[in-house]
Structures are given as C-alpha cells and as structure tokens.
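Read-outs throughout are calculated quantities, based only on the coordinates presented, and are distinct from any laboratory measurement. Not measured: the values here are computed from a predicted model. In this analysis, Cβ positions are derived from the backbone assuming ideal geometry, glycine residues included, and neighbour counts consider all displayed protein chains.
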Amino acid sequence: ISSCTQDPNAAGTWQLTQDIASAGTCLELLADNAILDCAGHSITGNGSGIGISAVGRKGVTIKNCILQNFTNNIFLEGTSNSFIINNTAANASGESIKIVSNNNTVFSDNIVQSNKHHGFGSTTGYAVSHNNLFVNNFGASESGFETSGFDLRNFINTTMLNNIGISTSNNGRGI
C-alpha cells in the first residue's frame, strides 16, 4: 500500500510501503481476515476523518502503525476476533482508538497520546464485550474536556493487564 486509495479488500497481509497522508479518512479494511502491517510507516491526517477503520469485520489485524491527526486514528465497529498490536496514535480530535459494538479483540503494546478526547473509548449505549487489553499506554491531555486514558463505561467482561491510563485534564481520569 502506497496511498490512502488502496483499501485492503481481500484476506491476507497488506503492507504499507511508505509514509502516507490524507485530507480525510485514509484506509478501511474491507475484508475479513485482512492484516494491515504498516511496518513502522506513518499515516497522517489533517485533523478530520479516520486513519484506519474496520466495520463489520472478523479476524482483522492492525499492527506496527504510526497514526496522527485524525478525528479517530483507529475506528472499529461491529468487529470481532481481531488484533490491534504495536501501534502509536497521537493528536486525535476525538477518541484516538474508538470501538463500537466490538467483541473478542486483543489490544496490545499500543501507545496513545496527546488526544483531545479519550485515548481509548467507545460510544455510549453500545456494548463492547470480551476484549483483552495488555500492556498499553493510553493518554489524553486536552484541558477543559472530560478526558481519560481509557473510557470503559460500555465495556463488559474485559480483561486489562499492565496498562497505564493518563489524563492531564482537570476533568479527566486515567481509567
């Protein structure tokens, strides 16, 4: 993948070959069992849209990505049995990693920082269940907003191990 117009549309491994930028939403995983490996390359937005999304997918993986300057750097809706591994996400104007109606997903070794809203969160009213969060560092820092490293209000049966949640907002909380 060398541009935001090349959405992974079949199962298998898709690798970013260079840093890419977008003036809105960049990549959407369009197939079950698609693996997006950014190989340490960055995906940079203009403050709007979504960096990488997966909607209604099973078995997707997003790994080794550096994402910044989107509304949501990673957005998952209705996904299951997936992996979000070893990503760095920063400067989101919304939740940096946002999940809606998601289950059975592993989030591991991710660093999320300097976001306007929650580092990791979901939409109110949509259950998120049976997820595992291991060794993540999620932070939010915008003053004047209700922010948290982890916003877990809609999470059911979720395991967390060795995570750090930070908020420097006066209205915020770590977890």
Karplus 3J(HN,Hα) series, Hz, for the range 56-67 with 6.51 cos²θ - 1.76 cosθ + 1.60 (x for Gly, Pro) = x, 10, 10, x, 8, 10, 10, 9, 6, 9, 10, 10
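In a shell of Cβ-Cβ distance under 11 Å around ALA11, excluding ALA11 itself, what net charge do Lys and Arg (+1) and Asp and Glu (-1) give?
Residues close to ALA11 contribute a combined charge of +1.
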Estimated FRET transfer efficiency when R0 is 25 angstrom, pair VAL106-ALA10 (beta carbons, to 0.05) = 0.65
Neighbours of LEU36 by Cβ distance under 15 Å: Lys/Arg at +1, Asp/Glu at -1, summed charge -2
HN-Hα J couplings of the range 68-73 from phi, Karplus 6.51/-1.76/1.60, θ = phi - 60°, integer Hz, Gly and Pro as x?
-> 7, 6, 10, 5, 10, 6
Signed unit charges on C-beta, dipole axis of the range 1-121, positive-most listed residue ASN73, ASN102, ILE84 | ASN102
Would you please give the residues with an amide H less than 5 Å from that of THR61, counting only those at least 5 places away or on a separate chain, with H modeled from the backbone geometry?
-> ALA34, ILE35, LEU36, PHE83
Residues whose built amide H sits under 5 Å from the amide H of ALA89, excluding neighbours closer than 5 in sequence, are LEU67, ILE111, VAL112, GLN113
